[in-house]
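To keep things clear, I will list the structure first and then write my remarks on it.
Read the figures in this text as sums done on the coordinates, not as results from a lab. Please read all numbers here as calculations on a predicted model, not as lab measurements. Cβ atoms come from the backbone with ideal geometry, glycine included; neighbour counts cover every protein chain shown.
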Amino acid sequence: MHALANVNGETMPLAEARVPVLDRGFLFGDAVYEVLRVYRGRPWLLDAHFARLGRGLEALRIQGVNLSRLKERMLATIAAGKFQEAVAYVHITRGAAPRKHAFPLNAVPFELLYVQEFNDPYTELRRTGATVITRPDIRWDRCDIKSTNLLGNVLAMQAATEAGAVEALLYLPDGTLTEGAHTSFFAVHDGVLLTRPNSSAILPGTTRDLVLRLAAEVGLPAREQALNRAELPLVSDLFLTGTTSEVLPIIRVDEQTIADGRPGSATRKLQEAFVRAVGAG
């Protein structure tokens, strides 16, 4: 199935979509984006993703975007391509203008979305567990904005790829873990589910928020609390969450095996709860 794009309201094959050379997203990373998973033809956690998109637009002071209209375009593009299992990508820039750092006065936001079929690369790893590495967190101080300024994430993910790992967990100079290069992460210690509190240091993950709700449903105590690299040998479970990774168990970090080297029981409960939630729609 060919990927479909919608550029400022015009639907076309993704291969035909074009971005102006003077677009500020292209030149400066002056843009925000979202990635949604489509299950059985329906975008998952649609309202949560668009709420975060709206917060990002507000934080960057990009004005003039009609999010309701953008949702309609996404749904129409999914329907036009008859997509069932897919990912939908939304990307909004401040628009095209002569290259100057300060905001242009009359730029019109550039609105791009596309939908493409998704072949899940994590299916087997959700069963067996995966390996990650740790890397210093060198990103900017507003990681709560889902902007396209991702060079720190790109470098960390390249290091993970070269190490044969699925992700890089990022840490501050004192060893405090923040999040993955493109995921949130959780640990279980003494029977309590831990994840770093939301702040400007991490992206407020939509799947992260869902997992916290699911933990309450399955009776798993949870606490928003930072974890240090030195505490990794003490945890019974470690897993990633994300739009495409869902709930992905981690069994090895760098040279450290997590617990007994198998996905933990709490992770399994949350995986099952996630599948039920998706099934319920």
*What angle do you read, to the nearest 10 degrees and between 0 and 90, between the alpha-carbon axis of helix 206-217 and the longest principal axis of the chain?*
40 degrees
*Along each of the three principal axes of the Cα atoms of the chain, give the extent in whole Å, ordering the values from largest to smallest.*
56, 41, 33
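Only bridges whose two residues both fall in the stretch 123-280 count here: according to DSSP, what percent of them are antiparallel, nearest 5?
60 percent
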*For helix 67-80, report the angle its Cα long axis makes with the longest principal axis of the Cα atoms of the chain; keep it between 0 and 90° and round to the nearest 10°.*
80 degrees
*If you find the alpha carbon centre of the stretch 192-223 and of the stretch 70-134, how far apart are they in angstrom?*
24 Å
*Considering only the chain, what is the antiparallel percent among its DSSP beta bridges, to the nearest 5?*
80 percent
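For the chain, what does the relative contact order come out to in percent, with C-alpha contacts under 8 Å and a separation of six or more?
Once divided by the residue count of the chain, the mean separation gives 18 percent.
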*Compute the acute angle (0 to 90°) between the alpha-carbon long axis of helix 265-280 and the principal axis of greatest extent of the alpha-carbon atoms of the chain; round to the nearest 10°.*
30 degrees
*Points 7 angstrom from Cα along the Cβ direction at THR123 and GLN84: gap in nanometres?*
1.3 nm
_Give me the percent relative contact order of the stretch 37-128, please, defined on Cα pairs under 8 angstrom at least 6 residues apart._
32 percent
*For the stretch 4-117, count all C-alpha to C-alpha pairs, find those more than 26 Å apart, and express that count as a whole percent of the total.*
17 percent
*Under the classification rounded if a/c is under 1.5, otherwise prolate if a/b is larger than b/c and oblate if not, where does the stretch 1-58 fall, given a ≥ b ≥ c as square roots of the Cα gyration tensor eigenvalues?*
oblate
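Only helical DSSP H runs with n ≥ 4 go in: add -39500 (n - 2.57) per run for the chain, normalise by residue count and round the 222 nm mean residue ellipticity to 500 deg cm²/dmol. Let's see the in-between values first.
On the way: 7 runs with 80 residues, N = 281.
That calculation yields -8500 deg cm²/dmol at 222 nm.
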*How far is it, in nm, from the label point at GLU72 to the one at ALA163 when both lie 7 Å from their Cα along the line to the Cβ?*
4.8 nm
_Starting from the Kirkwood Rh over alpha-carbon pairs, what translational D in µm² s⁻¹ does the stretch 123-280 have by Stokes-Einstein at 20 °C and 1.002 mPa s?_
139 µm²/s
*Going by average Cβ neighbours within 10 Å, how do the peptides 10-20, 240-250 rank, with the highest at the top?*
240-250, 10-20
*asked:* Starting from the 7 Å offset along Cα-to-Cβ, what nm value, one decimal, do you get for the label separation of ALA15 and VAL192?
replied: 5.5 nm
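Give me the number: length gained by fully extending ALA259 to PHE28, i.e. 0.36 nm times residue separation minus the C-alpha to C-alpha distance, one decimal in nm. Mind showing how you got there, number by number?
Numbers: separation 231, 0.36 × 231 = 83.16 nm, distance 4.34 nm.
So the chain would gain 78.8 nm between ALA259 and PHE28.
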